[in-house]
Amino acid sequence: MDLGSRVDTLMDGLRTDLERLTAIPSVSFPGFPPEPLRQAHDLLVDLLRDAGVERIERLDLPDTAPIIVAEVPPPSPDAPIVLLYGHYDVQPPGDESLWQSPPFEPTPIDGGLGLRARGVADDKANIIVHLGVLRAYEGKPPVGLKIVLEGQEEYGSVFEDYPPTDPDRFACDAMVIADTGSIRPGSPTLTAGLRGASEVFVEVRTLDEARHSGEFGGAAPDALLVLLTALGTLHDVHGDVAVEGLRREEWTGSAYTQEEFRSLAGVRDGLPLMGTGSLGERLWSGPAITVVGIDAPGVDHAASAVVPYARAKLNLRFHPQQDPEEAQGLLVTHLQSMRPFGIPLVVTSGDAGPGFEPATGGPAYRAARTALREGWGKDPELVASGGSIPLVNGLSKAAPGAEVLLFGAQDSMCNLHAPNERLLFSELRSAVVAEAAFLREYAEAFRSGNRS
């Protein structure tokens with residue numbers, strides 16, 4: 001029986017287990033009960049054991065949910081070791097009135113073609129992919145496996161820093177980070193770049209307290225106007241980032257069409273997109289600066305007064321290969337050089353995390369391209385992500401010689417982190433076939449000595 005036919009016989013069970021897992025409200029954010037995290041952990045341990053995994057360990061680290069670490073020994077000394085990653089925690093559901101069904105009641109959609117629930121795509125479907133692969137091989141894959149399932153990725157993963165301190169636990173030849181997916185349903189996709197991210201705070205105080213705008217406006221310095229003037233220098237007239245030194249390169253891989261992006265972003269009809277160049281450059285291989293918050297008087301209760309103080313929080317996304325401190329420093333220097341109306345700004349650096357750009361020419365990538373073609377029936381596309389997955393760097397530092405693959409059962413239209421998150425069973429099936437085929441192809445590359 002070929003892999004596709006084998007996976008088809010497993011799909012009913014995989015769907016059932018996905019429903020069981022997504023019914024658990026395993027939110028890792030403060031203020032949410034910890035018991036669901038333990039329930040999800042225990043369910044996954046049982047599912048791994050039922051799939052034939054004997055070596056299962058609970059890893060307890062400070063200030064995080066329990067981590068599942070499991071191993072399947074290699075079938076022979078010349079077989080490679082592959083690490084499979086996923087996370088069982090989920091984002092908060094947000095405003096539940098925006099959901100078409102309760103977020104933790106898995107609900108069929110589109111006549112049974114998929115499932116709607118919080119976390120069904122990010123990242124519980126990808127964990128089910130790993131389980132499906134184990135079942136397809138009846139617990140005896142052609143490679144050795146290290147399986148790592150953590151329970152606090154969404155709120156702040158310990159894998160940003162922990163793996164390099166315990167490298168033997170994560171040593172492998174290749175790793176599949178199953179926390180991404182396809183650019184669109186039916187299009188197999190390898191993510192070959194993640195932008196870095198940092199935060200910068202900028203504030204200005206001009207008066208001891210607010211003063212009547214009729215008596216003092218026109219001469220008394222307006223803190224909010226000073227701040228807005230400074231923020232207006234971050235982009236040129238076309239909407240491109242105007243901070244010198246932030247890296248931007250041509251994007252040569254696949255990208256969204258204009259119509260897809262406008263729909264995904266919810267851009268109002270008739271409005272232009274910001275910036276120039278390809279969408280790949282604007283979203284993945286170039287910088288983006290977003291004003292994510294402003295402290296200033298609200299409109300509904302604003303007095304007729306000159307504003308004495310204002311503050312903004314900026315989110316910077318930068319090229320995968322640019323140093324995070326360098327990128328953040330360029331933005332800080334730009335703002336510190338501003339003197340709107342002769343008034344200096346107070347600029348403070350926040351968190352900063354690196355991007356990631358894996359090598360794509362090794363045997364694991366060659367095996368993955370073949371495998372994704374088998375899973376989806378067409379050649380895979382290479383894309384990047386404007387979002388950041390800091391844990392990838394931590395795992396990569398722990399196993400610096402390992403190839404890093406990012407693919408999975410999600411797709412860009414699944415509403416992850418948003419109301420009505422959904423998963424298509426066709427993507428789940430294709431991802432299981434692809435990951436199983438990858439293990440077969442990668443093992444064969446090692447047996448044949450084709451490791452470079």
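Just so it is clear, none of the values below were taken in a lab; they were calculated from the coordinates. Treat the numbers as computed from the prediction; the structure is a model and nothing was measured. We place every Cβ from the backbone using ideal geometry, glycine too, and count neighbours over all the protein chains shown.
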Quick numbers on the stretch 188-233, Rg and Dmax over C-alpha atoms in Å, give 19.5, 64
With Gly94 itself left out, Lys, Arg at +1 and Asp, Glu at -1 over residues whose Cβ is under 13 Å from its Cβ give -3
Under 19 Å by backbone N from the virtual spin label 7 Å along Cα-to-Cβ at Ser278, the residues of the stretch 368-408 are 379-387
Output ordering of 123-129, 187-193 (per-residue mean of other Cβ within 10 Å, highest first) is 123-129, 187-193
Placing each pseudo-label 7 Å from Cα in the direction of the beta carbon, Arg339 and Asp295 end up separated by a distance in nanometres of 2.6 nm
P(r) over all Cα-Cα pairs of the chain, 20 Å bins from 0 to the longest distance, whole percent per bin, short to long, reads 23, 52, 21, 4, 0
The long-range amide H neighbours of Gly275, using H built 1.01 Å from N in the peptide plane and a cut-off of under 5 Å, are Gly239, Asp240
For Lys146, counting only lysines whose alpha-carbon sits under 26 Å away and dropping same-chain residues fewer than eight positions off, the answer is Lys124, Lys397
Rounded to one decimal in Å, the inverse mean reciprocal Cα-Cα distance for the stretch 1-79, i.e. its Kirkwood radius, is 15.0 Å
From the Cα centre of the stretch 211-240 to that of the stretch 85-134, the distance in Å is 44 Å
With a ≥ b ≥ c from the Cα gyration tensor eigenvalues, square-rooted, and the rule rounded for a/c under 1.5, otherwise prolate when a/b > b/c and oblate otherwise, the stretch 4-150 is oblate
In nm, the gap between the two label points placed 7 Å beyond Cα toward Cβ at Val346 and Gln39 is 4.6 nm
Rounded to 0.05, the calculated FRET efficiency for the beta carbons of Lys397 and Asp78 at R₀ = 30 Å is 0.70
Descending packing, highest mean Cβ count within 10 Å first, for 151-160, 296-305 is 151-160, 296-305
Between the alpha carbon centres of the stretch 298-325 and the stretch 58-79 the gap in Å comes to 42 Å
Diffing the stretch 160-175: the Karplus 3J(HN,Hα) column from phi (6.51, -1.76, 1.60, θ = phi - 60°), in whole Hz with x for Gly and Pro, holds 5, 10, 5, x, x, 7, 9, x, 4, 5, 10, 4, 6, 9, 7, 9
The size of the Cβ-based charge dipole (Lys, Arg +1; Asp, Glu -1) of the stretch 309-358 about the Cα centre, to the nearest 20 debye, is 400 debye
Given backbone amide H placed at 1.01 Å from N, residues whose amide H is under 5 Å from that of Arg55, ignoring those fewer than 5 places away on the same chain, are Glu71
Applied in sequence order to the stretch 129-144, the curve 6.51 cos²θ - 1.76 cosθ + 1.60 (Karplus, θ = phi - 60°) yields integer Hz couplings, x standing for Gly and Pro, of 4, 4, 5, x, 5, 4, 5, 4, 9, 6, x, 10, x, x, 10, x
Residue span Ser304 to Glu244: 0.36 nm per residue of separation minus Cα-Cα distance leaves a gain in nm of 17.8 nm
Mean Cβ-within-10 Å packing, highest first, puts peptides 55-67, 38-50 in the order 38-50, 55-67
The ³J(HN,Hα) series, computed from each phi in the stretch 209-216 with the Karplus coefficients 6.51, -1.76 and 1.60 at θ = phi - 60°, rounded to the nearest Hz and given as x for glycine or proline, is 6, 4, 10, 3, 5, x, 7, 10
A student applying the Cα gyration tensor rule (rounded when a/c is under 1.5; otherwise prolate if a/b is larger than b/c, oblate if not) would label the stretch 361-452 oblate
PRE zone check, label point 7 Å out along Cα-to-Cβ of Thr229, amide N under 18 Å, scope the stretch 267-306, hits 306
